[in-house]
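The values are calculated or read from the model by the stated rules, or taken from the named source; none is laboratory data. These figures come from a predicted structure and were not determined experimentally. Neighbour counts run over all protein chains shown; Cβ positions are idealised from the backbone, glycine included. For accessibility, only protein heavy atoms count, side chains too; no ligands or nucleic acids. Shrake-Rupley method; radii C 1.70, N 1.55, O 1.52, S 1.80 Å.
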Amino acid sequence: RLDCQAAGIHINADVDRFGAIIGHLIRNAQDATEDDGRIIVRLFKCADHADIEVQDTGCGMDKAFIKERLFRPFDSTKGKTGMGIGVYEAQDYIHKLGGDLEVISRVGEGTTFRVRLQISDAS
């Protein structure tokens, strides 16, 4: 489901690379969520920031995994199908844009990735 609570927001980012980052977060949510689960992508404005959330009702992650493995490059839980660089690359690029990537997760309940970026004055 898409929940767009804001319009006309501009950020300074490469369209293709940023689209790939959001696409990766959505694919991870799909991989973690059963067929009868839910994935919601939200966009909203919070003061001078744009927030994009990808929330799922998937398996979730514990605090130790988030702290020790989630952002480590070449560490994948997907066996031979994953390279383990997606979330690392997402965090790196978002930080280069001056933004932040927050992860909120509970085992058995799901995960929310929140991307927070400065809104650009350029139209």
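Each part reduced to its alpha carbon centroid, the stretch 18-76 and the stretch 88-107 end up 9 Å apart. Among the listed values (i) 42, 30, 24; (ii) 42, 33, 19; (iii) 53, 25, 17, the one matching Cα extents along the principal axes in Å as calculated from this structure is (i). So the label point goes 7 Å from the Cα of R38 along Cα→C-beta, right? Which residues of the stretch 1-29 then have their backbone N under 15 Å from it? Hits in the stretch 1-29 for R38 at 15 Å: 1-4. Per residue, the chain exposes an accessible area of 63 Å² to a 1.4 Å probe, with every protein chain left in place.
Summing Lys and Arg as +1 and Asp and Glu as -1 over all other residues whose Cβ lies under 12 Å from the Cβ of G37 gives a net charge of -4. In terms of the mean number of neighbouring beta-carbon atoms within 10 Å, the peptides 111-118, 34-41 order highest first as 111-118, 34-41.
Pairing the Cα long axis of helix 86-96 with the longest principal axis of the chain, what angle in degrees results, from 0 to 90 and rounded to the nearest 10? Helix 86-96 sits at roughly 30 degrees to that axis.
Gain in length, C46 to A6, computed as 0.36 nm per residue apart minus the alpha-carbon separation, to one decimal in nm?
Numbers: separation 40, 0.36 × 40 = 14.40 nm, distance 0.97 nm.
Stretched fully, the C46-A6 segment lengthens by 13.4 nm.
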